[in-house]
Amino acid sequence: MRIAIGLLALVCALGARGEGFDQLGSITQPEFRSLSEDLGAALSYKPLVPAEPLGITGFDIGIEASVTDLRSPQILEQATSHDVPEVLPLARLHAHKGLPFGIDVGLSYSAVPDLDIELWGGELRYAILKGGVATPALALRASFTSLKGVDQLDFDTRAVDLSLSKGFALLTPYAGVGRVWVTSTPKGVPSLAEEDFGLNKYFAGLNVALGIASFAAEADRTGDAWTYSAKAALRF
């Protein structure tokens, strides 16, 4: 865990030296829409937790790494004047806390290597079914993310999803469906207009519990782009 936190700090430091989005005026409106869809898939909230509630004394604190298979990496490269691979990496630090009545809250902070951006997010989740030995857990979640550190772009996402999970000894597979709404607003770029749209979301993952340590992997399809994520956490 200490090594992973050190790596996260290194990634955040690298992100702070990046060039950022400074060439939005060089792309067209259709290209801006494609860029916004890619960013919506990459930067929208990724849960990486089962549907079952943590309980009033429960915590889940950890780090995550994800890569999104961009549909239009050349547009992101043009908009940032920066070499961009076909996948966009993201490092994230998160904390979830259990509350009474099957409610959990979560906060996250993310950074993108080589781009001068940071991302804040959060969730409120309610366990419709808490789950048990013979029954699955079912949860409804509302989440958001907000992009910071970009002079030419205001970008945020809101989402709702429904997830289902069932524990089997150390393993808890989960899956869900939802909808993500993206608002992407150029600033100081008169040739571009705001894009406001929705994307369908599907995800599935597996949580492995080893005492208070837990590990999770998740695949997410938001719009037409896939994101693959992994997490190491203290969960108790």
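The values are calculated or read from the model by the stated rules, or taken from the named source; none is laboratory data. Just so you know, these numbers come straight off a predicted model, no measurement behind them. We place every Cβ from the backbone using ideal geometry, glycine too, and count neighbours over all the protein chains shown.
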Residue check: is Val112 in contact (Cβ under 8 Å) with a residue 40 or more places away in the chain and closer than 20 Å to Glu64 by Cα?
yes
Against the definition (surrounded by fewer than 16 Cβ atoms within 10 Å (Cβ to Cβ) and either in contact (Cβ under 8 Å) with a residue 40 or more places away in the chain or in a strand (DSSP E or B) (or both)), how does Leu107 come out, yes or no?
yes
On the given criteria, is Asp60 assigned to a strand (DSSP E or B) and either surrounded by 16 or more Cβ atoms within 10 Å (Cβ to Cβ) or at pLDDT 90 or above (or both)?
yes
Residues in the stretch 178-192: is at least one touching a helix residue (DSSP H, G or I) at 6+ places or on another chain (Cβ under 9 Å), of a type in the set (D, E, K, R), in a loop (DSSP other than H, G, I, E, B) and at pLDDT below 95?
yes
Considering the stretch 127-153 alone, what residues qualify as being farther than 16 Å from Asp60 by Cβ and of a type in the set (Ser, Thr, Tyr)?
Thr135, Thr145, Ser146
Tally up the residues in the stretch 1-44 that are within 26 Å of Ala232 (Cα to Cα) and modelled with pLDDT of 80 or more, please.
7
Can you confirm whether the stretch 131-138 contains a residue that is touching a Leu at 6+ places or on another chain (Cβ under 7 Å), surrounded by 13 or more Cβ atoms within 10 Å (Cβ to Cβ) and part of a strand (DSSP E or B)?
yes
